[in-house]
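Notes for the one structure printed next.
The values are calculated or read from the model by the stated rules, or taken from the named source; none is laboratory data. Not measured: the values here are computed from a predicted model. Backbone-built Cβ (ideal geometry, glycine too); neighbour counts: all protein chains shown. For accessibility, only protein heavy atoms count, side chains too; no ligands or nucleic acids. Shrake-Rupley method; radii C 1.70, N 1.55, O 1.52, S 1.80 Å.
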Amino acid sequence: QSDVLTELMLEFCEYFPSLSRVLLLERDLYLARSIVGISMNADTGDRVVAVVGLGHLKGMQEALERWKKNPELIQEECKD
């Protein structure tokens, strides 16, 4: 199922680049930033569980991994 979704996402990005930037990339960053914010405010040892659509999972995982290595990227990538 994820392979089909990946193909659809790639086609969507190809045909509608500006729309895909807003609906996918910026939304992935917003959701990932929200998770980071919640986890920073959680008590030590608390877990944060987030339920997201499959279409956002890969982009969010990539952002969270980048930010874990370099937290300063959060501010760079998530400018309002």
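Expressed as a whole percent, the accessible surface of the chain that belongs to carbon and sulfur atoms is 55, based on a 1.4 Å probe. When you work out D = kT/(6 pi eta Rh) for segment 27-70 at 20 °C and 1.002 mPa s, using the Kirkwood radius from C-alpha pairs as Rh and the Stokes-Einstein form, the result is 196 µm²/s. Here the Gaussian network model covers the chain, with springs between Cα atoms less than 10 Å apart; of 21, 47, 33, 47 fluctuates the most. Give the calculated FRET efficiency between residue 25 and residue 46 to the nearest 0.05, with a Förster radius of 25 Å applied to their Cβ-Cβ distance. The pair residue 25/residue 46 has a calculated efficiency of 0.30. Taking a Cβ cut-off of under 12 Å around residue 25, the surrounding Lys, Arg, Asp and Glu residues balance to a net charge of -1, with basic ones at +1 and acidic ones at -1. Here the contact order of the chain, divided by its residue count and restricted to Cα pairs under 8 Å and six or more residues apart, works out to 34 percent. This model, with +1 at the C-beta of Lys and Arg and -1 at the C-beta of Asp and Glu, gives segment 6-80 a dipole about its Cα centre of some 140 debye.
The residues of the chain have, on average, 82 Å² of accessible surface per residue, using a 1.4 Å probe with all protein chains present.
A straight chain from residue 65 to residue 7 at 0.36 nm per residue would run longer than the Cα-Cα distance by 18.6 nm.
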